[in-house]
Amino acid sequence: MTAVVEVAGLSKHYGGERGSRVHAVTDAGFALEENRIHGLLGRNGAGKTTLMQLLTGQEFASSGEIRVFGQNPVENAKVLDRVCFIKESQRYPDDFRVKHVLATAPRFFADWDEDFADELVERFRVPVGRRMKKLSRGQLSAVGVIVGLASRAPLTFFDEPYLGLDAVARRLFYDTLLADFAEHPRTVVLSTHLIDEVSNLLEHVLVIDEGRIIIDADADELRGSAVDVVGPRGAVEAFTSDREVLHRTGLGGLASATVAGLDEAGRTAARDAGLELAAVSLQQLVIRTTIGESVDPTKGTPE
Ligand SMILES: Nc1ncnc2c1ncn2[C@@H]1O[C@H](COP(=O)(O)OP(=O)(O)OP(=O)(O)O)[C@@H](O)[C@H]1O
C-alpha cells in the first residue's frame, strides 16, 4: 500500500489571541492510501474543510507535517497538478459560462477527459451556454461534480459540492463515481453529512470532531465494530454492565444499547440472554460516537 497523503501532529488555529483562537484542526495524524475512496465525516464546524484546505495547500498549518505524494503541497506545482479540490464555494470569473469552465479545465488537469465531461453534462442536464452566476444551486453543484469526475485527478477532494443536487442527481453522482473509479482508480476524499447515502462507496473512514480525528478506520471494520442490543431494560443493563457502550436509549421497560467490539461469543451470549441484535449503520455509528463520549469503537476505548 502506498500512502498518497501523510499527516503528523497537524494543527490549524485561526485568530491571534489565545482566548479568541479557533482550534479548527488539532494534532491530526493519519495516512490516506492510494486508490481508495475515503469518507471525511463530521458535524458542522468539525474541521473538514480546513483539513482539506491544508492538504491542498490553500491554508498554512499552524504546526505539524503534511506530505502529499511525498512532498509539502504548499505552492508546489508538482503536487497540486495532481490534485483536484471541488468545493461548493468555488468562485468563477463574472462572465464565465459553463462551457468556459469546461474549456479551461484541461489546463489544470492533465488527465481531463473531454468526452466524459460532455457525457456528464448530458446526464446532469447542465445548460452549457448559461452564465455560471445564473445557474441554480443544483446546476452549480453539478458543474463541480462534473469537473471533479472528468478531471480524473490522482487525488480528488469533494467537499460536499453535491449538497445542492436533488436525490436523483446525487444517486447519479455516486453511481458514476463508483463506475468510473473501477475503470480509473484514484484516491478520492468525500466530505459529507449524508453518511448513509455514501456509506457503500467508502472504503476508509475518517471522522473529525471538534478538530480532532476520532475515528480512522477501514469502513468494513467500522461497520462490524458495533451492534445494537435490544430487549427488556434489566436484561440489557445486565448484559452491558462490563461492556463498552457507545450509546443507550430506552422506552418504558425496553432498552437498546450500542455495544462496541462484540465478538461471536458475545453475540451468542446476548441471544442466550433473550436479547435481539441489530446492525448499526455507519451513520448511526458516527452520530453515536460524536454525541457524548468521543470514542473510537474500533480501538476498544473504555466508555
Ligand atoms: N477563516 C477562518 N477564520 C476563523 N475561523 C474559521 C475560519 N475558517 C473556519 N473557521 C472555524 O474553524 C472551524 C472548522 O471549520 P470548517 O469549515 O473546517 O468545518 P467543516 O467541518 O467544514 O464544517 P461544515 O460541515 O459546517 O462545512 C469552525 O469552528 C469554523 O468556524
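The values are calculated or read from the model by the stated rules, or taken from the named source; none is laboratory data. Note that the structure is predicted; figures quoted are calculated from it, not measured. Virtual Cβ from ideal backbone geometry, glycine too; neighbours counted across all protein chains shown.
Please tell me if P73 is assigned to a loop (DSSP other than H, G, I, E, B) and either crowded, with 20+ Cβ neighbours inside 10 Å or not assigned by TED's automatic domain parsing to the domain that holds A142 (or both).
It is true that P73 is assigned to a loop (DSSP other than H, G, I, E, B) and either crowded, with 20+ Cβ neighbours inside 10 Å or not assigned by TED's automatic domain parsing to the domain that holds A142 (or both).
Can you name the residue in the range 187-215 that is of a type in the set (D, E, K, R) and more than 16 Å from the ligand (Cβ to nearest atom) and is also modelled with the lowest pLDDT among such residues? First the steps, then the outcome.
Our first condition is that a residue be of a type in the set (D, E, K, R); within the range 187-215, this holds for 196-197, 203, 209-210, 212.
Filter once more, keeping what is more than 16 Å from the ligand (Cβ to nearest atom): 196, 203.
Values: D196: 86, E203: 95.
Here the answer is D196.
Residues are listed down the side, and each one gets a yes or a no for (1) of a type in the set (G, A, S); (2) under 30 Å from H13 (Cα atoms); (3) in contact (Cβ under 8 Å) with a residue 40 or more places away in the chain:
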{"position": "S136", "(1), (2), (3)": "yes, no, no"}
{"position": "V143", "(1), (2), (3)": "no, no, yes"}
{"position": "T156", "(1), (2), (3)": "no, yes, yes"}
{"position": "A169", "(1), (2), (3)": "yes, no, yes"}
{"position": "T176", "(1), (2), (3)": "no, no, yes"}
{"position": "L202", "(1), (2), (3)": "no, yes, yes"}
{"position": "R212", "(1), (2), (3)": "no, yes, yes"}
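Evaluate the following for G45: is it within 12 Å of the ligand (Cβ to nearest atom), among the small types (G, A, S), closer than 28 Å to L163 by Cβ and under 20 Å from the mean Cα position of the chain (by Cα)?
yes
Surrounded by fewer than 22 Cβ atoms within 10 Å (Cβ to Cβ) and either part of a loop (DSSP other than H, G, I, E, B) or not polar (S, T, N, Q) (or both), is that true of Q53? Step through it out loud before you land on a result.
Working: surrounded by fewer than 22 Cβ atoms within 10 Å (Cβ to Cβ): yes; either part of a loop (DSSP other than H, G, I, E, B) or not polar (S, T, N, Q) (or both): no.
Criteria not met by Q53.
When you go through F30, F60 one by one, which is the residue that is assigned by TED's automatic domain parsing to the domain that holds A8, among the aromatic types (F, W, Y) and touching a residue at least 60 places away in the same chain (Cβ under 8 Å)? Even if it seems obvious, please write down each step before you answer.
Numbers: F60 fails: touching a residue at least 60 places away in the same chain (Cβ under 8 Å).
None of the other options fit; the residue is F30.
Please work out which residue is nearest to V4 (Cα to Cα), limiting yourself to the range 56-69 and to residues that are in a loop (DSSP other than H, G, I, E, B) and within 16 Å of the ligand (Cβ to nearest atom). If you could, list the steps in order and put the result at the bottom.
To start, the set of residues in the range 56-69 that are in a loop (DSSP other than H, G, I, E, B) comprises 56-62, 69.
If we keep only those that are within 16 Å of the ligand (Cβ to nearest atom) too, we end up with 56-62.
Values: T56: 12, G57: 15, Q58: 18, E59: 19, F60: 19, A61: 18, S62: 22 Å.
Ranking the qualifying residues of the range 56-69, first place goes to T56.
Any residue at all in the range 225-242 that's of a type in the set (D, E, K, R) and in a loop (DSSP other than H, G, I, E, B)?
Keep residues of the range 225-242 that are of a type in the set (D, E, K, R), which gives 228, 233, 237, 242.
Now narrow it down to the ones that are in a loop (DSSP other than H, G, I, E, B): 242.
Yes, some residue in the range 225-242 is of a type in the set (D, E, K, R) and in a loop (DSSP other than H, G, I, E, B).
Rundown of residues vs (1) within 16 Å of the ligand (Cβ to nearest atom); (2) over 21 Å from L55 (Cα atoms); (3) touching a helix residue (DSSP H, G or I) at 6+ places or on another chain (Cβ under 6 Å); (4) not in a helix (DSSP H, G or I), yes/no style:
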| position | (1), (2), (3), (4) |
| --- | --- |
| F157 | yes, no, yes, yes |
| L163 | yes, yes, no, no |
| L177 | no, yes, no, no |
| P185 | no, no, no, yes |
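Does A28 count as more than 8 Å from the ligand (Cβ to nearest atom), over 30 Å from A179 (Cβ atoms) and either touching a Phe, Trp or Tyr at 6+ places or on another chain (Cβ under 7 Å) or aliphatic (A, V, I, L, M) (or both)? Even if it seems obvious, please write down each step before you answer.
On the way: more than 8 Å from the ligand (Cβ to nearest atom): yes; over 30 Å from A179 (Cβ atoms): yes; either touching a Phe, Trp or Tyr at 6+ places or on another chain (Cβ under 7 Å) or aliphatic (A, V, I, L, M) (or both): yes.
In short, yes.
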